[in-house]
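The values are calculated or read from the model by the stated rules, or taken from the named source; none is laboratory data. In this text, all values refer to a predicted model and were calculated from it rather than measured experimentally. Cβ sites come from the backbone with ideal geometry, for glycine too, and all protein chains shown count toward neighbours. Accessible surface areas use protein heavy atoms only, side chains included; no ligands, DNA or RNA. Shrake-Rupley method; radii C 1.70, N 1.55, O 1.52, S 1.80 Å.
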Amino acid sequence: MIDFSISAQPPSSAPVGIFDSGVGGLSVLKAVHAMLPNEHLIYVADAAYAPYGDKAPHEILARSQFIVDYLVKRKVKAIVIACNTASAIAARELRQAVDVPIIAIEPAIKPAIAASSNKVIGVLATKNTIASAAFSRLCEQYANGAKLIVQSCPGLVEQIEVGGFSSTTTMALLREYLAPIMAAKADTLVLGCTHYPFLIKQIQEIIGTDVEFIEPSHAVARELANRLKMISAQQLSVTNASINFLSTGNIDIAHHVFTTLWGHVLQVEVLAST
Ligand code: DGL
């Protein structure tokens, strides 16, 4: 008798799904595409519900489940949660709900402590990431006497979502959020939200170029590569690997901001948000 309960191995030609509350996860998508250029990728920005950083956890879980269901219907072979906030709140439940490997992201506290000379580290992240049990565990596990200046950054994601990288509001918020980190003389800065790598130039205008930035997009891409290898699902050679961009938000804004961040003109499709 054939056992139909055994789930079939995904074909290596299946796409990888990547999602975030908005455009922030493009920083992870770039690292994934650079490391795994043969892979077909589907990127979903849940812009209709951005920011996740101060939404109720049950809402973030529901949105993450909605996107994961969509990606599973698209028959992805792996999913990357390119969002620290959704990873902290929803990764465990999502992994229990689906068979597809799920790669999550977390603020790179451990590598930052290793990189810091004076062991004073600034951490920028969303309110929800900082309030999560996962973040507390991370700090307890790795802080080991280092001084962490942890700063939530309400308002920044909203600015990035509309392309306001150097707007007056963005610069004023950055000055406010970086002040305690500068006062403590941190030599290393953890970008604990995938949107923030798109503000490195603006942050450097305020704190200078001596502070080292740490963000985990390359580590996430490596982890994805390892997971695909483990299940023998790597796409070893292909020409014209596709990247499919979708957003639940305003499509004109999405088209403009995606194109700015990706570096060339892109087509962004609408994904109905319910
Ligand atoms: N980019 C996300 C993160 O890494 C979400 C930010 C937000 O939507 O508030 O946390």
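The table below lists the values:
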{"item": "Computed FRET value (nearest 0.05) for M182 with R92, which takes r as the C-beta separation and R₀ as 45 Å", "result": "0.80"}
{"item": "Calculated FRET value between T260 and A143, using beta carbons and R₀ = 45 Å, to 0.05", "result": "0.80"}
{"item": "Dipole moment magnitude, nearest 20 debye, segment 109-215 about Cα centre, only Lys, Arg, Asp, Glu C-beta charged", "result": "280 debye"}
{"item": "Pairs of Lys in the chain closer than 17 Å at Cα, counting only those 8 or more apart or on different chains", "result": "7"}
{"item": "Extension gain (nm, one decimal) between A172 and A56, 0.36 nm per residue minus Cα-Cα", "result": "39.1 nm"}
{"item": "Carbon plus sulfur fraction of accessible area for the chain, probe 1.4 Å, in percent", "result": "54 percent"}
{"item": "Using a Förster distance of 45 Å, the FRET efficiency for Q204-S232 (Cβ separation, nearest 0.05)", "result": "0.60"}
{"item": "Rel. contact order, % - alpha carbon contacts under 8 angstrom, at least six apart, the chain", "result": "27 percent"}
{"item": "V72 paired with N244, simple spin-label distance in nm, labels 7 Å along Cα-to-beta-carbon", "result": "1.7 nm"}
{"item": "Gap separating the Cα centres of segment 22-62 and segment 235-274, nearest whole Å", "result": "11 Å"}
{"item": "Alpha carbon centroid spacing (whole Å) that separates segment 146-212 from segment 99-139", "result": "15 Å"}
{"item": "Average accessible surface area per residue within the chain, 1.4 Å rolling probe, Å²", "result": "46 Å²"}
{"item": "Nearest-ten-degree value, helix 57-73 long axis tilted from longest Cα axis of the chain", "result": "40 degrees"}
